[in-house]
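S.K.: Provided herewith is a single structure, encoded as structure tokens, for subsequent inquiry.
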Amino acid sequence: MNYLSFFRVFAAFFLLLLLFDCASRKKEIGDRDLKLVLEYLTEARLAERLNYASEQTIRKDPEILEAACERYQLDKDSVMEQIRIKYPKTYFALVGKNEE
């Protein structure tokens, strides 16, 4: 009997984990979400350069931004749009184009 209840708890936990992992990305990006992403970008850039070894490749900013969006379950296009609106210089640095 105890074995059966353990199995049920494990199955419920697994289903919840699967549900949260497959949840859709958040498309409405608020100031708090944007701040989290930009802080992650800043910290990851600094850590990459501090821990640099000659045989390693340093991740580029778009790769770090994508990792941040994945970490916080945010839609990358929505995040980029908010960065474009609120921080145009950062946006153009990420995209690699000049301001026009």
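S.K.: Kindly write out, for the stretch 28-38 in residue order, the coupling ³J(HN,Hα) from the Karplus curve 6.51 cos²θ - 1.76 cosθ + 1.60 (θ = phi - 60°), rounded to whole Hz, with x marking Gly and Pro.
M.R.: 8, 9, x, 4, 5, 4, 5, 5, 4, 5, 5
S.K.: Going by a ≥ b ≥ c, the root eigenvalues of the Cα gyration tensor, does the stretch 26-95 fall in the rounded group (a/c under 1.5), the prolate group (a/b larger than b/c) or the oblate group?
M.R.: It is prolate, given that a/c is not under 1.5 and a/b is the larger ratio.
S.K.: What nm distance separates the two modelled labels at residue 63 and residue 85, each placed 7 Å from Cα along Cα→Cβ?
M.R.: Inter-label distance under the simple model: 3.1 nm.
S.K.: In terms of modelled amide H atoms, which long-range or inter-chain residues lie less than 5 Å from the amide H of residue 74?
M.R.: Long-range HN contacts for residue 74: 26.
Read-outs: derived from the displayed coordinates by stated rules, not from any lab. In this text, all values refer to a predicted model and were calculated from it rather than measured experimentally. For neighbour counting, all protein chains shown are included, and Cβ atoms are generated from backbone atoms with ideal geometry for every residue, glycine included.
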